[in-house]
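The values are calculated or read from the model by the stated rules, or taken from the named source; none is laboratory data. Computed from a prediction, not measured in an experiment: that's the story for all the values here. Positions of Cβ are backbone-derived with ideal geometry, glycine not excepted, and every protein chain shown enters the neighbour counts.
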Amino acid sequence: MYRCEARTRLDNDVQATAELMPTAFDSIEWVSDYVGENLFHCELEDVPHDHHAAFLRNGTSREPCTDVYLCWRDESGPQWLEDVEVCLKVENPMAPGCTIFRGHPGKCDWEYIGPSMLAVLVQSDHFVRELRLSHLLAFPVSPAERQEDA
Ligand SMILES: [Zn+2]
Ligand SMILES: [Zn+2]
């Protein structure tokens, strides 16, 4: 039920390769502005998997939607890139679905415990509360609707 703890730094030549890959979108969306400095954290659940994988940038295809993943086995070993279709298996309140690649081992990204997931949960709870509040302010509930709620 926990996230894999594997981390690695992006090799310069792998980054250069990723910069040369085309994109189906207006521009390449990187995982962050500091790709070269970033410590990449495997996004899979902590179940046995063939290699680690972390989102690097958006993919070369829009339909189906793909993402480019940084893949590695050991921190000191070779890295490679995979342009793979997004999972999107199950809907969740914050996004169209799981953002890990299709066929990934383990559970989908919000079904296991990871620090980033906890942050998203806190955020979504806050967001839902704000949404309810603004909804009430913008659309006062009519007497008929109130009866339906009761
Ligand atoms: Zn892993
Ligand atoms: Zn998934």
Of the listed residues (Asp46, Asp50, Asp74, Asp13), the one being within 16 Å of ligand 1 (Cβ to nearest atom), without any contact (Cβ under 8 Å) to a residue 24 or more places away in the chain and not hydroxyl-bearing (Ser, Thr, Tyr) is Asp74
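Specify the residue that is nearest to His52 (Cα to Cα); the eligible residues are those in the range 82-97 that are at pLDDT 80 or above and away from ligand 1 (no atom under 16 Å from the Cβ).
Filtering the range 82-97 down to residues at pLDDT 80 or above leaves 82-88, 97.
Subset that is away from ligand 1 (no atom under 16 Å from the Cβ): 83, 85-86, 88, 97.
Working: Asp83: 14, Glu85: 16, Val86: 16, Leu88: 19, Gly97: 21 Å.
Here the answer is Asp83.
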